[in-house]
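Asker: Here you go, one structure.
The values are calculated or read from the model by the stated rules, or taken from the named source; none is laboratory data. Remember, it's a predicted structure, so these values are computed and weren't measured experimentally. Here the Cβ is made from the backbone with ideal geometry for all residues, glycine too, and neighbour counts use every protein chain on show.
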Amino acid sequence: MKDSGNTAENGTYDLIVLGAGSAGFSASITAAETGSRVALVGHGTIGGTCVNVGCVPSKAMIRAAEAVHGGTAAGRFPGVDPCTHQVDWSALVSGTTDLVAEMRDKKYTSLLPEYESLTYIEEGPAQLVAGGVAVGGRSLKADRIIIATGSHPHMPDIPGIGTVEVLDSTGLLTLPERPDSIIVLGGGYIGAELAQMASRLGVKVTLVTRSRLLPGAEPEVAEALAGAMRAEGIRLETGLSYRQIAAQNGGVALTIERDGKPVTLTAARLVATTGRVANTQGLGLEALGIQTDRRGAIVVGPDMATTRAGVYAAGDVTDRDQFVYMAAYGAKVAVKNALGIEPMRYDNAAMPWVVFTDPQVAGVGLSQAQAVEAGHDVKTSVIGLDNVPRALAARDTRGLIKLVADAKTDRLLGGQIVAPEGADTIQTLAMALKMGMTTKALGETIFPYLTTVEGLKLAAQTFDKDVAKLSCCAG
């Protein structure tokens, strides 16, 4: 164990933060900016999940796959011949690893010296004890502690899974050689992103999921993405149960059951993307009366406080939203409450989320089912991208926009989009929800022509009129 920064006298600090990922750094920097003495105790590699094994490497590989796909898809334009790019998987993985190292240094390691009251204690097993934290054979003392130890990939309990090598998302993104084929277990956002990325880089992909693709998304949105993925040659197996996994001919065989009938799928490698599990093992939570849920995540209140006085938590280790930006946000809420800077409450009512497939999937607010469950008298509008001029000009009408509103007040409650620029479009809808806009107000807002975001205006107008009968820019 090695310290960086100024060690507090007698090992006593104003705040101890466990975990040096996005949430941990956000908490530590927020506290250090007030002059508080902070001990940041590492838990795994500095930078955490996002920069090391999550957002940065996956999106870098996804962008590369988009560039490859762009050549093959160019034939949709009259007079443009498609082309096929050669892919050096090993070189791409190596370059991505270099990018991760650069980002880890620039956005994490190199920031430490900028905060004089922050002491970083390198990775080592830490345990909460009364009055502080035990780490590396010594005790750190503080009246306030924030747990931000993150999460790790979940491995599904399928008979025979222990007899084969199973890759998690990290394993696939760092695989030295490109596999000929993979089976992806899980149809959530990680599975969908990685399945399409691998397919575009030359891997034969089968995605298998018990329910449907993107079970948390609107059914229309999920089906639109499923159609786009199938059109690219990805095999989707949905609505099934897992029977058994076994090694076969140097690869893997997965037996599934659908409609009472067994089907065996084979591939060179198996990739599990079936969720993540909070890193709470060995922290000593039970001894201190810190409550966890059935998945092992720490239960926190709207102030990010745990069930132990003086102990707070933020990020993937909690029962809150598992997005890096919400981890950083939750950490700031925790610090400001823990140190009495200002009262704050965790608010995700206008939290946008994105799935970086192509077309991208994004959403904010309540889905139709959630709105009904919340007691709203719901009305919805759904508009295909074939009604959006931008999509027509790009000759890419894969996708749709769905808006959810309260029928009595006309107030927007939520919406989802599946479109090539869906990730950048959703923030406009997030702002509309934050400001309490009605569908009428959104439909009357001026949007620039030939943009994907103009689709939100058209979707809002669809509540009351047939936009297919409008001329360009009308309404």
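Asker: Exactly one of (1) free of Cβ contacts under 8 Å to residues at least 40 places away in the same chain; (2) under 26 Å from Cys55 (Cα atoms); (3) among the hydrophobic types (A, V, I, L, M, F, W, C) is unmet by Ala309. Its number?
Answerer: So the condition that Ala309 fails would be (2).
Asker: Among the residues of segment 41-72 satisfying the criterion of being β-branched (Val, Ile, Thr) and either part of a helix (DSSP H, G or I) or free of Cβ contacts under 8 Å to residues at least 40 places away in the same chain (or both), which is farthest from Arg276 (Cα to Cα)?
Answerer: First pass over segment 41-72, keeping only residues β-branched (Val, Ile, Thr): 41, 45-46, 49, 51, 53, 56, 62, 68, 72.
Those still in the list that are either part of a helix (DSSP H, G or I) or free of Cβ contacts under 8 Å to residues at least 40 places away in the same chain (or both) too: 49, 51, 53, 56, 62, 68, 72.
Working: Thr49: 11, Val51: 16, Val53: 13, Val56: 17, Ile62: 20, Val68: 30, Thr72: 34 Å.
Ranking the qualifying residues of segment 41-72, first place goes to Thr72.
Asker: Looking at segment 354-372, which of its residues are crowded, with 20+ Cβ neighbours inside 10 Å and either without any contact (Cβ under 8 Å) to a residue 40 or more places away in the chain or not in a strand (DSSP E or B) (or both)?
Answerer: Phe356, Thr357, Asp358, Pro359, Leu366, Ser367, Gln368, Ala371
Asker: Can you find, within segment 198-242, the residue that is farthest from Thr266 (Cα to Cα) among those that are more than 19 Å from the chain's Cα centre (by Cα) and among the hydroxyl-bearing types (Ser, Thr, Tyr)?
Answerer: Once the filter is applied, the top-ranked residue is Ser211.
Asker: Might you let me know whether segment 156-164 holds any residue that is touching a Ser or Thr at 6+ places or on another chain (Cβ under 6 Å) and at pLDDT below 95?
Answerer: Yes, segment 156-164 contains at least one residue that is touching a Ser or Thr at 6+ places or on another chain (Cβ under 6 Å) and at pLDDT below 95.
Asker: On the basis of being surrounded by 20 or more Cβ atoms within 10 Å (Cβ to Cβ) and of a type in the set (Asp, Glu), does Glu218 make the cut? Quick ask: steps written out before the conclusion?
Answerer: Details: surrounded by 20 or more Cβ atoms within 10 Å (Cβ to Cβ): yes; of a type in the set (Asp, Glu): yes.
For Glu218, the condition - surrounded by 20 or more Cβ atoms within 10 Å (Cβ to Cβ) and of a type in the set (Asp, Glu) - is met.
Asker: Filter segment 43-53 down to residues that are surrounded by 23 or more Cβ atoms within 10 Å (Cβ to Cβ) and of a type in the set (Gly, Ala, Ser) and give me whichever is nearest to Ala313 (Cα to Cα).
Answerer: Of everything passing the filter in segment 43-53, Gly48 is nearest to Ala313 (Cα to Cα).
Asker: Further question: Within segment 248-292, which strands (runs of 3 or more DSSP E) (wholly inside it) include 1 or more residues that are of a type in the set (Asp, Glu)?
Answerer: Output list reads 251-258.
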